[in-house]
Number of protein chains: 2
Amino acid sequence: MWLATQENPDLVALQLAANELIESRPTAINLRWAVDEILKKLTDLPDTERPARALAFVEEVCETDVESCRCIGLAGLEIIKALPAFKKNERPINVLTHCNAGWLACVDWGSALSPIYSAHAEGIDIHVWVDETRPRNQGASLTSFELDQQGVPFHLVSDNAGGHLMQEGKVDLCLVGADRVTRNGDVANKIGTYLKALAAHDNEVPFYVAFPGTTIDWSTESWRSIPIEERSEDEVTLVRGRLEDGTITSVSIGPNNTPAANPAFDVTPSRLITGLITERGVVNPNEYSIKNLYPEYSNFIQ
Amino acid sequence: MWLATQENPDLVALQLAANELIESRPTAINLRWAVDEILKKLTDLPDTERPARALAFVEEVCETDVESCRCIGLAGLEIIKALPAFKKNERPINVLTHCNAGWLACVDWGSALSPIYSAHAEGIDIHVWVDETRPRNQGASLTSFELDQQGVPFHLVSDNAGGHLMQEGKVDLCLVGADRVTRNGDVANKIGTYLKALAAHDNEVPFYVAFPGTTIDWSTESWRSIPIEERSEDEVTLVRGRLEDGTITSVSIGPNNTPAANPAFDVTPSRLITGLITERGVVNPNEYSIKNLYPEYSNFIQ
């Protein structure tokens, strides 16, 4: 939006840029929140002052994001310390995560990975099962990279493996991020999250979702009205990776012209979620608790 | 085993070959059954007669397999015709399948795909959601290929997508194969099957497992004692596929030296299974019903 103000600070042009940005991610809600906020702040300003105000706001969001994620890490750390495995002194503590919600997705700390980094920084022996997260492999490429850089022990696993690992007692905690949370605690997140929540529920493994308050969609009551982005077939039929010589390329994993479907998110109903980890602390996934945590937003609810 | 009899028909050599074959697939049980049967048949014969007897037995197994799979298809067809969607005349009938249990895995018809082929042959409008089945992608490469050859409409999906498709009411039936079935109806099958069974259960989608009776392990009561094969890390970190020029190669999907874990199967407890489709008909997943269907095996039970 700051770039858009530099190109053309006229309100009509900015509204078009805003729409384009929002439509690029129909399921995620933080982006819509940030774009709406910036438009509100720019509307009453003269054109010439808009670029500077936009930049100041963007920097402010960035700072707030860092602080939010740090707080999420501290709140999540308390959950790790309260795990039966931690109390029984069983080590390492095994955490399963899906997709990437670390410092490559958020700023500095990340959401779902922030408690892991906090625990690691405190010297807690922690090990992460990284879901590869097909079709885009954000787990394999981003989360693996982050954990490796931070020196946190991990193993990459196919998305199919999580249920078996939980059956075998090899997961103490599931920790994922969110793209949108309804005010009653249902969570839209990367496709496949719901399957892990089912397995966690079936095996009595705590399942926590970490996100900053800007991820809450106060206007949507039922998860059934969250739009689920349908992405390109190519993301399923072609897998991107590195050849032995380092070249990045894509290989086709099915016969030519294999038709594919590619829903990018799914919704985990609140009944499968143990708790929500926010920058204001941990909360139960229901409307009453969420509203109490964010009283300033209750007027958004119709 | 026939090849082994040609190399050295001595019983000690045959036993070694048998062990090697059985150990190559610790989770699947059909192979162990066939190898045990052939050894029994050859033991009392003179060395010179063993190769011919082995070949005759192998041919007999092959014929029986074709007939078993045809019968599984007919039994499964009745399940398709009894689906609410079929009765309400909703078309196509949407079936989700995992891994490959078609004519590339079994002979001529396959197990899980046999009911689909029977329905298609009867002119029923059927559509298949094909789980790609990471890490080996048997769905993407084998099942897609088979369905395409047979002219059955399908879409390839990431393994993560199945839960969402069921939540959206886009799956009328889940149909999978089995590598080993305990006598009380628990099913070991390709990793990820359990996650789909959980989603089917949560969304009241019927979940059926198709297999010939030779897949039943009469000696194992609890699924916890089924050995789960742990395969190479490379299968997770490297994805095999076709470059644009047709060359088959592998690409690495994570950073260099990414550690991976690769359990190849998981177990779906019988409580999540609607029914078992065998060559003798459909049966409830419990010891009483399974024993009644195969009374000749009840003496195998300790």
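Quick check: is even one residue across the range A:118-125 surrounded by fewer than 24 Cβ atoms within 10 Å (Cβ to Cβ), more than 7 Å from chain B (Cβ to nearest Cβ) and free of Cβ contacts under 8 Å to residues at least 12 places away in the same chain? Walk me through it before giving the result.
Restricting attention to the range A:118-125, the residues satisfying the condition of being surrounded by fewer than 24 Cβ atoms within 10 Å (Cβ to Cβ) are A:118-125.
So of that shortlist, the ones also more than 7 Å from chain B (Cβ to nearest Cβ) come out as A:118-125.
Subsequent filtering for residues that are free of Cβ contacts under 8 Å to residues at least 12 places away in the same chain retains A:121, A:123.
Looking through the range A:118-125, at least one residue is surrounded by fewer than 24 Cβ atoms within 10 Å (Cβ to Cβ), more than 7 Å from chain B (Cβ to nearest Cβ) and free of Cβ contacts under 8 Å to residues at least 12 places away in the same chain.
Only one of B:211, B:265, B:207 is aromatic (Phe, Trp, Tyr) and under 30 Å from residue A:250 (Cα atoms); which? Please lay out each step first, then the result.
On the way: B:211 fails: under 30 Å from residue A:250 (Cα atoms); B:207 fails: under 30 Å from residue A:250 (Cα atoms).
Result of the check over B:211, B:265, B:207: B:265.
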* Asked: Given (1) surrounded by fewer than 21 Cβ atoms within 10 Å (Cβ to Cβ); (2) under 23 Å from the mean Cα position of the chain (by Cα); (3) more than 8 Å from chain A (Cβ to nearest Cβ), where does residue B:175 come up short, assuming only one miss?
  -> (1)
* To do: Consider residue B:272 carefully, then state whether it is touching a helix residue (DSSP H, G or I) at 6+ places or on another chain (Cβ under 7 Å) and either aliphatic (A, V, I, L, M) or at the interface with chain A (Cβ under 9 Å from one of its Cβ atoms) (or both).
  => yes
* Looking only at residues in the range B:200-222 that are part of a loop (DSSP other than H, G, I, E, B) and among the acidic types (Asp, Glu), which one is surrounded by the fewest Cβ atoms within 10 Å (Cβ to Cβ)? -> B:204
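What are the residues in the range B:54-64 that are open to solvent by less than 60 Å² (accessible area, probe 1.4 Å) and either at pLDDT 90 or above or not hydrophobic (A, V, I, L, M, F, W, C) (or both), if any?
If we filter the range B:54-64 for residues that are open to solvent by less than 60 Å² (accessible area, probe 1.4 Å), which is where we start, we get B:54-57, B:61-62.
Selection gives B:54, B:55, B:56, B:57.
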* To do: Would you check which residues across the range A:185-199 are closer than 21 Å to residue A:171 by Cα and outside any strand (DSSP E or B) and list them?
  => A:191, A:192, A:193, A:194, A:195, A:196, A:197, A:198, A:199
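Taking the residues in the range B:127-141 that are assigned to a strand (DSSP E or B) and more than 8 Å from chain A (Cβ to nearest Cβ) as candidates, determine which candidate is surrounded by the fewest Cβ atoms within 10 Å (Cβ to Cβ). Steps first, please.
Step one: of the range B:127-141, the residues assigned to a strand (DSSP E or B) are B:127-131.
Now drop any that are not more than 8 Å from chain A (Cβ to nearest Cβ), which leaves B:127-128, B:130-131.
On the way: B:127: 17, B:128: 25, B:130: 28, B:131: 31.
The selected residue is B:127.
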* Asked: Of all residues in the range B:105-117 being under 29 Å from residue B:236 (Cα atoms) and not aliphatic (A, V, I, L, M), which is nearest to the other protein chains (Cβ to nearest Cβ)?
  -> B:110
* Asked: Any residue in the range A:12-29 that is polar (S, T, N, Q), touching a residue at least 40 places away in the same chain (Cβ under 8 Å), part of a helix (DSSP H, G or I) and over 20 Å from residue A:120 (Cβ atoms)?
  -> no
* Structure fact -> Filtering the range B:234-245 down to residues that are of a type outside the set (D, E, K, R) and either surrounded by 15 or more Cβ atoms within 10 Å (Cβ to Cβ) or more than 15 Å from residue A:243 (Cα to Cα) (or both) yields B:236, B:237, B:238, B:239, B:241
* Considering each residue of the range A:1-14, count those that are under 27 Å from the mean Cα position of the chain (by Cα) and exposed (fewer than 14 other Cβ atoms within 10 Å of the Cβ), and give that number. => 1
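Can you find even one residue in the range A:251-261 that is under 30 Å from residue A:183 (Cβ atoms) and within 7 Å of chain B (Cβ to nearest Cβ)?
Step one: of the range A:251-261, the residues under 30 Å from residue A:183 (Cβ atoms) are A:261.
Those left that are additionally within 7 Å of chain B (Cβ to nearest Cβ): A:261.
Yes, that holds for at least one residue.
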* Would you mind telling me which numbered condition in (1) outside any helix (DSSP H, G or I); (2) buried (at least 18 other Cβ atoms within 10 Å of the Cβ) residue A:45 fails? => (2)
* To do: Could you run through the range A:142-170 and say how many residues are facing chain B (nearest Cβ under 8 Å) and assigned to a helix (DSSP H, G or I)?
  => 11
* Which ones in the range A:65-85 are open to solvent by less than 80 Å² (accessible area, probe 1.4 Å), free of Cβ contacts under 8 Å to residues at least 60 places away in the same chain and not basic (Lys, Arg)? -> A:66, A:73, A:77, A:82
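Quick check on this structure: which one of B:147, B:165, B:156 is touching a residue at least 12 places away in the same chain (Cβ under 8 Å) and surrounded by fewer than 24 Cβ atoms within 10 Å (Cβ to Cβ)? Before you say what the answer is, go through the steps one by one.
Working: B:147 fails: surrounded by fewer than 24 Cβ atoms within 10 Å (Cβ to Cβ); B:156 fails: surrounded by fewer than 24 Cβ atoms within 10 Å (Cβ to Cβ).
Just one listed residue meets the conditions, B:165.
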* To do: Specify the residue that is nearest to the other protein chains (Cβ to nearest Cβ); the eligible residues are those in the range A:182-199 that are over 20 Å from residue B:160 (Cα atoms) and open to solvent by less than 10 Å² (accessible area, probe 1.4 Å).
  => A:182
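Does the range B:35-42 contain any residue that is under 18 Å from residue B:279 (Cβ atoms) and either not in a helix (DSSP H, G or I) or not hydroxyl-bearing (Ser, Thr, Tyr) (or both)?
First, the residues of the range B:35-42 that are under 18 Å from residue B:279 (Cβ atoms): B:37.
So of that shortlist, the ones also either not in a helix (DSSP H, G or I) or not hydroxyl-bearing (Ser, Thr, Tyr) (or both) come out as B:37.
Looking for residues that are under 18 Å from residue B:279 (Cβ atoms) and either not in a helix (DSSP H, G or I) or not hydroxyl-bearing (Ser, Thr, Tyr) (or both), one finds at least one in the range B:35-42, hence yes.
In this structure, is residue B:211 over 22 Å from residue B:164 (Cβ atoms) and of a type in the set (Phe, Trp, Tyr)?
Numbers: over 22 Å from residue B:164 (Cβ atoms): yes; of a type in the set (Phe, Trp, Tyr): yes.
Yes: the conditions hold for residue B:211.
Yes or no, residue by residue, for (1) charged (D, E, K, R); (2) more than 10 Å from chain A (Cβ to nearest Cβ); (3) open to solvent by 40 Å² or more (accessible area, probe 1.4 Å):
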| position | (1), (2), (3) |
| --- | --- |
| B:232 | no, yes, yes |
| B:247 | no, no, yes |
| B:267 | no, no, no |
| B:280 | yes, yes, yes |
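Of the residues that make up the range B:12-21, is at least one modelled with pLDDT under 90, within 25 Å of residue B:188 (Cβ to Cβ) and polar (S, T, N, Q)?
Going residue by residue through the range B:12-21, those that are modelled with pLDDT under 90 are none.
Scanning the range B:12-21, I find no residue that is modelled with pLDDT under 90, within 25 Å of residue B:188 (Cβ to Cβ) and polar (S, T, N, Q), so the answer is no.
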* Kindly indicate whether any position in the range B:96-113 is assigned to a helix (DSSP H, G or I) and surrounded by fewer than 22 Cβ atoms within 10 Å (Cβ to Cβ). => no
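The values are calculated or read from the model by the stated rules, or taken from the named source; none is laboratory data. Keep in mind that this is a model prediction, so the values were computed, not measured. Here the Cβ is made from the backbone with ideal geometry for all residues, glycine too, and neighbour counts use every protein chain on show. Just the protein is used for accessible areas: all its heavy atoms, side chains included, with ligands, DNA and RNA removed. Shrake-Rupley method; radii C 1.70, N 1.55, O 1.52, S 1.80 Å.
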